Amino acid sequence: MPLGQARLVRRGDDVSVIAFGAQVREAVTAAERLAAENIHCDVRDLRTLKPLDIDAILESVRRTGKVLIVHAANRLAGLEPRWQRLSPTRRSSGSMPR
């Protein structure tokens, strides 16, 4: 696994879904459910947070125009503080319905 190089898990043009660790599987499950509703997610597995593959994130978000960050980390140590430096975000937290 190359450090700092995100992996494209699923290609889509409607929304970028950025995840890492155990949350990648959750993101793929959600993307599969959304595909049934004709919403196609571009799912990226970051694999590492430091170094962070900003280029892969931005390439995806520029194409879709929307981003969803899926993580289970706290607000100080996860991806969210790093992402907020790049772009203003609307924050939503909670569990995904099963």
Query raised in the report: So which residues in segment 40-53 are surrounded by fewer than 14 Cβ atoms within 10 Å (Cβ to Cβ) and either at pLDDT 95 or above or of a type in the set (Lys, Arg) (or both), if there are any at all?
Result: Lys50
**Report entry** Filtered residues of segment 26-36 (kept if without any contact (Cβ under 8 Å) to a residue 40 or more places away in the chain and either touching a Gly at 6+ places or on another chain (Cβ under 7 Å) or within 19 Å of Ala56 (Cβ to Cβ) (or both))
**Finding:** Val28, Ala31
Query raised in the report: So which pairs qualify, if the first residue must be in segment 60-78 and assigned to a loop (DSSP other than H, G, I, E, B) and of a type in the set (Lys, Arg), the second must be modelled with pLDDT of 95 or more and surrounded by 12 or more Cβ atoms within 10 Å (Cβ to Cβ), the Cβ gap must be under 6 Å, and the two must be at least 6 apart or on different chains?
Result: Lys66/Val15
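The values are calculated or read from the model by the stated rules, or taken from the named source; none is laboratory data. Just so it is clear, the model here is predicted, and its values are computed rather than measured. Positions of Cβ are generated from backbone atoms using ideal geometry, with glycine treated the same way; all protein chains shown enter the neighbour counts.
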